[in-house]
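One structure is given below, encoded as structure tokens.
The values are calculated or read from the model by the stated rules, or taken from the named source; none is laboratory data. Note that the coordinates shown come from a computational prediction; the quantities given were computed from them, not determined experimentally. Ideal geometry is used to build each Cβ from the backbone, glycine not excepted, and the neighbour counts take in all protein chains shown.
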There are 4 protein chains.
Amino acid sequence: MVKRIGVLTSGGDAPGMNPAIRAVVRKAIYHDVEVYGVKYGYQGLMEGNMSKMDLGSVGDIIQRGGTILYSARSEEFKTDEGQQRAIEQMKKHGIEGLIVIGGDGSFRGAKKLTEKGFPCIGVPGTIDNDIAGTDFTIGFDTALNTVIEAIDRVRDTATSHERTYIIETMGRNAGDLALWAGLSGGAESIIIPEKEEPFQDVCDRLVRGHQRGKKHSIIVLAEGVGSGFEYGERIKKETNLETRVTVLGYIQRGGSPTAQDRVLASRLGAKAVELLINGNAGRMVGIQNNKLVDYDINEILSLKHHINEDMYNLSKELSI
Amino acid sequence: MVKRIGVLTSGGDAPGMNPAIRAVVRKAIYHDVEVYGVKYGYQGLMEGNMSKMDLGSVGDIIQRGGTILYSARSEEFKTDEGQQRAIEQMKKHGIEGLIVIGGDGSFRGAKKLTEKGFPCIGVPGTIDNDIAGTDFTIGFDTALNTVIEAIDRVRDTATSHERTYIIETMGRNAGDLALWAGLSGGAESIIIPEKEEPFQDVCDRLVRGHQRGKKHSIIVLAEGVGSGFEYGERIKKETNLETRVTVLGYIQRGGSPTAQDRVLASRLGAKAVELLINGNAGRMVGIQNNKLVDYDINEILSLKHHINEDMYNLSKELSI
Amino acid sequence: MVKRIGVLTSGGDAPGMNPAIRAVVRKAIYHDVEVYGVKYGYQGLMEGNMSKMDLGSVGDIIQRGGTILYSARSEEFKTDEGQQRAIEQMKKHGIEGLIVIGGDGSFRGAKKLTEKGFPCIGVPGTIDNDIAGTDFTIGFDTALNTVIEAIDRVRDTATSHERTYIIETMGRNAGDLALWAGLSGGAESIIIPEKEEPFQDVCDRLVRGHQRGKKHSIIVLAEGVGSGFEYGERIKKETNLETRVTVLGYIQRGGSPTAQDRVLASRLGAKAVELLINGNAGRMVGIQNNKLVDYDINEILSLKHHINEDMYNLSKELSI
Amino acid sequence: MVKRIGVLTSGGDAPGMNPAIRAVVRKAIYHDVEVYGVKYGYQGLMEGNMSKMDLGSVGDIIQRGGTILYSARSEEFKTDEGQQRAIEQMKKHGIEGLIVIGGDGSFRGAKKLTEKGFPCIGVPGTIDNDIAGTDFTIGFDTALNTVIEAIDRVRDTATSHERTYIIETMGRNAGDLALWAGLSGGAESIIIPEKEEPFQDVCDRLVRGHQRGKKHSIIVLAEGVGSGFEYGERIKKETNLETRVTVLGYIQRGGSPTAQDRVLASRLGAKAVELLINGNAGRMVGIQNNKLVDYDINEILSLKHHINEDMYNLSKELSI
């Protein structure tokens, strides 16, 4: 059985990375496995920026946003030499397996290390919810609640004036954050990369609502579709309705993780330790239909995360 | 096809009842079905306290706690006469089916009406998460986040003094709220009705943590187990550690619903309308393994909701 | 003594307008004075869009963002004819005095009506805190807490990456919101219209912090100074540091009012009723050095609100 | 001029102690004065539990609840020997002055040290707002917002059922927290130690509201008056109305400090450093009528903090 493992966070950070780190450390110690925390992701890995963690290292972090191990992007690690350096550092520290918390970019690194003979397990942590093989990624629920809180605030002022508000959410090429936020925020229209809604339909719906005496309209737009500001301009031009745009930006990445994200992070972090202990390598843990699952990282990277079609259709029906 | 349906909320209220009402109204109107909103639950039903709802009736309620239809308990409705009165009122108003949002007590009423020939569909709305046939009830996620926010606050002061804090949560006879809150709040011990943890084990864990230099310990206790105050006294007597007790009480019932609760409420509310439209009766909608399901209410009422054993075990491992 | 008064909200809405309306209504009823609520500001006033309010009209609104009376801007009201129409409508409804909750634009309207013989009292409600004669306007404290919550979230992700974050706040030509948010958010630099900080100094401070190993830098910039995006570009060009910009926009206008805003709104609303009852006209109520005050609106409109110089200097000293 | 000062937090902790510590450290360093942070209050002081702080020591703490220096109570320090030990420890570390952040109990210690020739400055930090010589103490605004958030949640469920809710707040012998929370929470009755409202009046008001069709009534009761549970029993017995009691307890002590508390903490912490630098001793800093002030600690300890009578009267008028 492995005696010592490493853990790092990589790529864009997400709320819930800290409870994931906490679960990794505590679950490992529970099984008498030592844990080294690597700072600044793969960059720190190559530089040997790592140290032993104990129960106290993860005390009072379950509620903290961000990641106590910091994150970074590294060009050097994409090279063979970089990956070799990383493996050497881990061997030097007696580390026999690595848990990587991050998104698909980070998993590509985990895959490379595994291919070079060093066992890695991936834990999906990103607010974008754009990873195949898991219904939810760590950070998605928190970001989602941040977005709907913003929508609720805009709605307060929206009920006082008669305007169209456009909220641009993160999500890279994925529409999950915008879809869930739009449905739970009661948006009139949800514009996401996965679905091409004719621009004219969006405008017609706005005008119809306006004529019915609606106090306001809210449109949630995923960044993957394009700029909220430009979309607002187009709408104004077409409908002559006044528009206001809010680009939420990086506030979506922060905040204390929600209960769902803490539970998910705890479960996935612990599961990753189990996999390493049991001799697995090159796998990603996830949750599907409420059950913990794990897949080959290669498979995950070749697949696409899909939106929930029923929810998209429901959002259409409820926003008549 | 039905032309007119009713909707009411009953029993203890829960955050998310409003988005459920909204979904019922909008989904019905989408299918050209009229909706009557009944105020004050079954009591209002017997008294004919109901009126037609339109899109505007459910405007800007998706983010509101409580229920715009109010709730009430009614002894009279438990009698045959009461149920007969309710059916007469609905017939008088041309209502052909009823959607009941509430907990198991409310479902018993729905079952009675269905048995008397009036089709009802139940939508599980309670913070207790104690209904069989659904992984989650509407309101659970919001209450859970309210509890962990309270734990986080206590933790702030707990890191400044050296004490044992006991948080008593709601949940009636179910331990879900305490279990999820304990796991996501990083509690040292979780005391729930479904599991008998020897009192001595809880004390030993506390003393061990104290000796290890832990700044504080947090115990989450479900109300179904007994009084938090009494538990605190027992611990103090046994361990000589100072204890502080917080009884969260009714704040767990309020607050703006979380994204998860709004999405769940929207999906279940819409599904209930579909069932009524398709001629179903005496069924409860739910979500299991991320899929919408529906069951015979009789079956639901004869079964017990179970806690997630894996999560309970995980909480033990992570709180070493 | 007056027997019937009117109340309206005008201009950009602000959290706390609802508790102000509530205080006006309840204080008036306490003194046996009737209150008519005017919808959509001066526009509604001209159109006679008003109705009697009772205790129930303001039930459960103390915690609500926005304004239940809605707000609007009106070009027509700026004309003599418009003002005359408004006065006629009020006379028709037996209204003898008007309370206007809003910013300086709204007070100009109140001034005009008073000059035409119709007594008005202004209550300062705007998130911008840009009104002379009062230390705080209703809505400022809530908007401020919204901004620092956003800064806190950005800080979470900022501690995980090494970047410079720029937060653009509202405030029109005033720097109060940015100053208070910067001081309470622990920003490295605060850029406001009232103070010209040499651009080179801002850059030097950033570079110095970066060299000292600072994980991140946060700059709060008031919209009155210019675009956050452009500022970010300039910094990047000058310092070569990576920058990220968040434009908070309309979320600053919403949200449940804070305790300070509710208390301030309650006190100012009640005071305005007292002034009307006692035969005053053309005055604005405010709070200065913790005491309720009132000034001639003409005087208020001729003066400028100033930032607190001590706080600005303190922010410099603490951000070394 | 002093070259090295110490800072500690003592007594019950309060949100805002961290930004106060941060301001002390940064302001001192700005003036080239070294700062030693003392852990666990006076207990740590006697034990020499202190170490030098730099800019990094107070990085990212401005938003954190609790106190990074921890707090403790100490019986030993109340003796002459204890105080002598503390002074010896400070001399040993070259510390020439001490800043004590806490409540009146903590100030008594500061007074003793000053009398023994060691200059101390007090900074009022307590959620109770029960210190003379300052309009507000650090932590009060945050605790106040925590209470009204709880009231808002209870109100959600209160609008769904017809009940009387009793909220018991902290505040020791002071009624400020209950008064401000009651006024900003829209409570029907506010029961505080400073005012004896006849019990019968409270009951009459409840019954009157109930008869008028009020959906709910909220009573805010300061812990200094007695137990909320007992009060609830008395009301039920007298009026036959159903009552529900929530004892908020320690959640009032935690949470991220509000903007007001962060600004107040920053200003008072910096002011305390100025006083020490300028050779003062035995003084407490405070804010009165928006201006920074300082008083002799002896004077402060001999005076009583008073509630704002106007606000109390206003609360009566608005809760008709």
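Quickly run through segment C:133-150 and pick out the residues that are more than 10 Å from every other protein chain (Cβ to nearest Cβ) and touching a Phe, Trp or Tyr at 6+ places or on another chain (Cβ under 8 Å).
Looking only at segment C:133-150, we keep the residues that are more than 10 Å from every other protein chain (Cβ to nearest Cβ), and these are C:133-134, C:137-139.
Selection gives C:Gly133 alone.
Output the residues belonging to segment B:60-91 that are in contact with a strand residue (DSSP E or B) (Cβ under 7 Å, 6 or more places away or on another chain) and within 12 Å of chain D (Cβ to nearest Cβ). Before you say what the answer is, go through the steps one by one.
Narrowing segment B:60-91 to residues in contact with a strand residue (DSSP E or B) (Cβ under 7 Å, 6 or more places away or on another chain): B:67, B:69, B:71, B:90.
Within segment B:60-91, B:Thr67, B:Leu69, B:Ser71 qualify.
Hey, among the residues in segment C:301-320 that are over 25 Å from D:Asp135 (Cβ atoms) and surrounded by 15 or more Cβ atoms within 10 Å (Cβ to Cβ), which one's farthest from the chain's Cα centre (by Cα)?
Ranking the qualifying residues of segment C:301-320, first place goes to C:Ser319.
Select the strands (runs of 3 or more DSSP E) contained entirely in segment B:1-81, then report the ones holding at least 3 residues which are touching a residue at least 12 places away in the same chain (Cβ under 8 Å) and either outside the structural domain of B:Gly109 (by the TED database) or surrounded by 20 or more Cβ atoms within 10 Å (Cβ to Cβ) (or both). It would help to see each step written out before you state the result.
Details: elements: B:4-9, B:34-38, B:50-53.
Because the criterion is at least 3 residues that are touching a residue at least 12 places away in the same chain (Cβ under 8 Å) and either outside the structural domain of B:Gly109 (by the TED database) or surrounded by 20 or more Cβ atoms within 10 Å (Cβ to Cβ) (or both), the strands (runs of 3 or more DSSP E) in segment B:1-81 that meet it are B:4-9, B:34-38.
Go through (1) touching a Lys or Arg at 6+ places or on another chain (Cβ under 9 Å); (2) more than 14 Å from chain B (Cβ to nearest Cβ) one by one and return the number of the condition D:Leu264 breaks.
Unmet for D:Leu264, out of (1) touching a Lys or Arg at 6+ places or on another chain (Cβ under 9 Å); (2) more than 14 Å from chain B (Cβ to nearest Cβ): (1).
For segment B:202-209, state whether one or more residues are facing chain A (nearest Cβ under 10 Å) and either over 18 Å from B:Asp130 (Cβ atoms) or surrounded by fewer than 24 Cβ atoms within 10 Å (Cβ to Cβ) (or both).
Step one: list which residues in segment B:202-209 are facing chain A (nearest Cβ under 10 Å), which gives B:209.
Add one more test, that the residue is either over 18 Å from B:Asp130 (Cβ atoms) or surrounded by fewer than 24 Cβ atoms within 10 Å (Cβ to Cβ) (or both), and what stays is B:209.
Yes, because at least one residue in segment B:202-209 is facing chain A (nearest Cβ under 10 Å) and either over 18 Å from B:Asp130 (Cβ atoms) or surrounded by fewer than 24 Cβ atoms within 10 Å (Cβ to Cβ) (or both).
Condition test on B:Ala86, is it in contact with a Leu (Cβ under 6 Å, 6 or more places away or on another chain), under 20 Å from B:Val123 (Cα atoms) and buried (at least 18 other Cβ atoms within 10 Å of the Cβ)?
Working: in contact with a Leu (Cβ under 6 Å, 6 or more places away or on another chain): yes; under 20 Å from B:Val123 (Cα atoms): yes; buried (at least 18 other Cβ atoms within 10 Å of the Cβ): yes.
In short, yes.
Test D:Ile297 against the stated conditions and say whether it is buried (at least 23 other Cβ atoms within 10 Å of the Cβ) and not assigned by the TED database to the domain that holds D:Gly117.
No, not satisfied.
Name the single residue, out of those in segment B:243-278 being assigned to a helix (DSSP H, G or I) and small (Gly, Ala, Ser), that is nearest to the chain's Cα centre (by Cα).
B:Ala265
Suppose we filter C:Arg155, C:Arg108 for residues that are surrounded by fewer than 24 Cβ atoms within 10 Å (Cβ to Cβ) and in contact (Cβ under 8 Å) with a residue 12 or more places away in the chain; which single one remains? Walk me through it before giving the result.
Working: C:Arg155 fails: surrounded by fewer than 24 Cβ atoms within 10 Å (Cβ to Cβ).
The match here is C:Arg108.
Could you please find all residues in segment D:202-226 being part of a helix (DSSP H, G or I), without any contact (Cβ under 8 Å) to a residue 40 or more places away in the chain and basic (Lys, Arg)?
Residue satisfying the conditions is D:Arg208 alone.
Does A:Phe140 qualify as being within 14 Å of the chain's Cα centre (by Cα) and either in contact (Cβ under 8 Å) with a residue 60 or more places away in the chain or not assigned by the TED database to the domain that holds A:Ala187 (or both)?
Yes: the conditions hold for A:Phe140.
Any residue that is among the polar types (S, T, N, Q) and in contact with a His (Cβ under 7 Å, 6 or more places away or on another chain) - is there at least one of those in segment A:58-80?
Yes, the conditions are met somewhere in segment A:58-80.
How many of the residues making up segment D:173-184 are without any contact (Cβ under 8 Å) to a residue 60 or more places away in the chain, within 13 Å of chain C (Cβ to nearest Cβ) and not small (Gly, Ala, Ser)? Before the answer, list the steps.
Of all residues in segment D:173-184, those without any contact (Cβ under 8 Å) to a residue 60 or more places away in the chain come to D:173, D:178, D:181, D:184.
If we keep only those that are within 13 Å of chain C (Cβ to nearest Cβ) as well, we get D:178, D:181, D:184.
Now restrict to residues that are not small (Gly, Ala, Ser): none.
The total comes to 0.
Looking at segment C:153-172, is at least one residue more than 14 Å from chain A (Cβ to nearest Cβ) and within 22 Å of the chain's Cα centre (by Cα)?
Yes; the residues of segment C:153-172 include at least one that is more than 14 Å from chain A (Cβ to nearest Cβ) and within 22 Å of the chain's Cα centre (by Cα).
Across segment B:203-261, what is the total count of residues that are under 28 Å from A:Leu144 (Cα atoms), of a type in the set (Ser, Thr, Tyr) and touching a strand residue (DSSP E or B) at 6+ places or on another chain (Cβ under 6 Å)?
Final tally of qualifying residues: 1.
Say whether the condition of being buried (at least 24 other Cβ atoms within 10 Å of the Cβ), of a type outside the set (Ser, Thr, Tyr) and away from chain D (no Cβ under 14 Å) is met by at least one residue in segment B:252-260.
yes
Suppose the filter is out of contact with any helix residue (DSSP H, G or I) (no Cβ under 6 Å at 6 or more places or on another chain), of a type outside the set (Phe, Trp, Tyr) and at pLDDT 95 or above; does A:Asn278 pass it?
Answer is yes for this residue.
Checking D:Met284 against (1) under 22 Å from D:Ser184 (Cα atoms); (2) of a type in the set (A, V, I, L, M); (3) buried (at least 19 other Cβ atoms within 10 Å of the Cβ), only one condition comes out false. Which one?
For D:Met284, the exception is condition (1).
Might you let me know whether segment B:222-234 holds any residue that is within 23 Å of A:Arg267 (Cβ to Cβ), small (Gly, Ala, Ser), buried (at least 24 other Cβ atoms within 10 Å of the Cβ) and within 14 Å of chain D (Cβ to nearest Cβ)?
no
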